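Read through the structure below, which is laid out as structure tokens, and then see the notes.
The values are calculated or read from the model by the stated rules, or taken from the named source; none is laboratory data. Source: prediction; values computed, not measured. Reconstructed Cβ throughout: ideal geometry from the backbone, glycine too, with neighbour counts over all protein chains shown. Just the protein is used for accessible areas: all its heavy atoms, side chains included, with ligands, DNA and RNA removed. Shrake-Rupley method; radii C 1.70, N 1.55, O 1.52, S 1.80 Å.
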Amino acid sequence: MSRSWREINALLTAIKKGNKLKQQELHDKTVNKLKVVALTYAEDKNDWEDIVNESYFKAIKYIHTFKEYMDGYNWLCKIVENVARNFNAQLENTVSLEQLTFEYIVGDSESIYETDELAIELKKLNPEEQNVIYLHVYAGYSFMEIAALLNSKKSTVYKQFKAGAKIVLENLKNK
């Protein structure tokens, strides 16, 4: 059992009995220890705070399953471990910014380009212009948001958008 199991158990038992004021005290007494657990299991170390916060929500939601004779600290650690594993599973389903290209988003099917004149013209642009136009026009991001995503300046993103859009519009007019 952990060194502070009696103290943690007392807090968890009080919360289980309906004392909501003990939730903050539980947080204050365990957050640094649970941070270490989250950092141990999280693949993306930047997620530790979200993992710990979600773990507290789950602990409170499922407080009725806590057994007073068990080690409450270990119970919390197991919740953090499970939440971290869920976060890791979600990471596997995401696409990194490096993978986010026009081809990835619309597919590499030639039939798309044969039937959509705009897609044909976008395909002719450089990858940076394609991504900026897609993110702004199709995904609805602002130039500021795109700049943050691409680690770039807002003015650079705007120039890429403007240059790409100008080329596409000219090519469409000349058809």
Index of the failed condition, residue 151 passing every other in (1) open to solvent by 70 Å² or more (accessible area, probe 1.4 Å); (2) assigned to a helix (DSSP H, G or I): (2)
Identity of the residue in region 110-136, closer than 17 Å to residue 172 by Cα and of a type in the set (A, V, I, L, M), that ends up modelled with the highest pLDDT: 125
Positions within region 1-40 being of a type in the set (Ser, Thr, Tyr), part of a helix (DSSP H, G or I) and surrounded by fewer than 18 Cβ atoms within 10 Å (Cβ to Cβ), in sequence order: 13, 40
So residue 72, is it closer than 16 Å to residue 8 by Cβ and either of a type outside the set (Phe, Trp, Tyr) or open to solvent by 30 Å² or more (accessible area, probe 1.4 Å) (or both): yes
Identity of the residue in region 75-89, crowded, with 18+ Cβ neighbours inside 10 Å and aliphatic (A, V, I, L, M), that ends up nearest to residue 23 (Cα to Cα): 76
Qualifying positions in region 41-66 - open to solvent by less than 90 Å² (accessible area, probe 1.4 Å), under 18 Å from the mean Cα position of the chain (by Cα) and not hydrophobic (A, V, I, L, M, F, W, C): 41, 44, 47, 50, 53, 54, 55
Condition met for residue 106 (modelled with pLDDT under 85 and open to solvent by 30 Å² or more (accessible area, probe 1.4 Å)): yes
